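The structure under discussion appears below in the form of structure tokens.
The values are calculated or read from the model by the stated rules, or taken from the named source; none is laboratory data. If you're wondering where the values come from, they're calculated on a predicted model, not measured in any experiment. Reconstructed Cβ throughout: ideal geometry from the backbone, glycine too, with neighbour counts over all protein chains shown. These accessible areas exclude ligands, DNA and RNA; they are computed on the full protein's heavy atoms, side chains included. Shrake-Rupley method; radii C 1.70, N 1.55, O 1.52, S 1.80 Å.
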Amino acid sequence: MITPAVAENMVTLHTSMGDIKIRLYDDTPIHRDNFLKLVREGYYDGLIFHRVIKDFMIQAGDPNSRTADSTTMLGDGDPGYTLEAEIKYPAHYHKYGALAAARTGDQFNPERRSSGSQFYIVVGKKQSKRSLEQMEQQANFQRKQAYFNGLCKQHIEEIRQFQKSGDRQALDSLKNSLVDITEKNVPNQPLPQQLIDDYVNVGGTPHLDDQYTVFGEVVEGMNIVEAIQNVETGVADRPKKDVKIISAKVD
């Protein structure tokens, strides 16, 4: 469900295919203030949606796209800085219409810092309840595994001594103890009902949740977003005919 528009923190992207109105979230202030700053400076004016994937998302914000010819590979441009992650999952998730910050992958960016300017708007697909149940189970498993691994690091000397001496019984006893501590301190967390309803009835891309900063949502113009995601694309998912942000304005 898309939240109704409010008067504050609103931005309109006037694109070559129509207007997209976005509300920025107050609880992601770093991303909110940076986006508003760039909009006021005219940073996004003339940029194109350089990456468009049907039933997934549309992406823009590469400053190199303003003057790029049709053969230029895009996606690496930024204002020269990154932003501290503000991942507020499950409060904010990759529902239909979500605005999120692009970033480089975990291998080179373990802190999951966001691009200073590149963003994407989610289209996604409707999800089955079964797939969301599996996602919930996987998330709970990962949380428990991370906690358990932390306990193992705390007991690493004991573990090495037991392994060196071949004391399997002591090793299993310690393992069982750490598993019990993990289960006690990391209970299963169910997915919020609103999240489930949005993904099942409206759609989105839940596999990106808890990995990228979601900092706003489209409140008007998802028909334009859908039109953009349906354009013909070529190499690197770039539209064959440029879809341009003519101007971006703070409302």
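All conditions but one from (1) touching a strand residue (DSSP E or B) at 6+ places or on another chain (Cβ under 9 Å); (2) touching a residue at least 40 places away in the same chain (Cβ under 8 Å) apply to Pro90; the one that does not is (1). Among the residues of segment 126-153, the ones that are within 21 Å of Tyr93 (Cβ to Cβ) and hydroxyl-bearing (Ser, Thr, Tyr) come to 2 in all.
Taking each residue of segment 155-166 that is on the phi < 0 side of the Ramachandran plot and looking for partners that are part of a helix (DSSP H, G or I) with beta-carbon atoms closer than 6 Å, six or more apart or interchain, yields Phe162/Ala170; Phe162/Leu171.
Taking the residues in segment 19-35 that are in a helix (DSSP H, G or I) and within 18 Å of Ala98 (Cβ to Cβ) as candidates, determine which candidate is most open to solvent (accessible area, probe 1.4 Å).
Ile30
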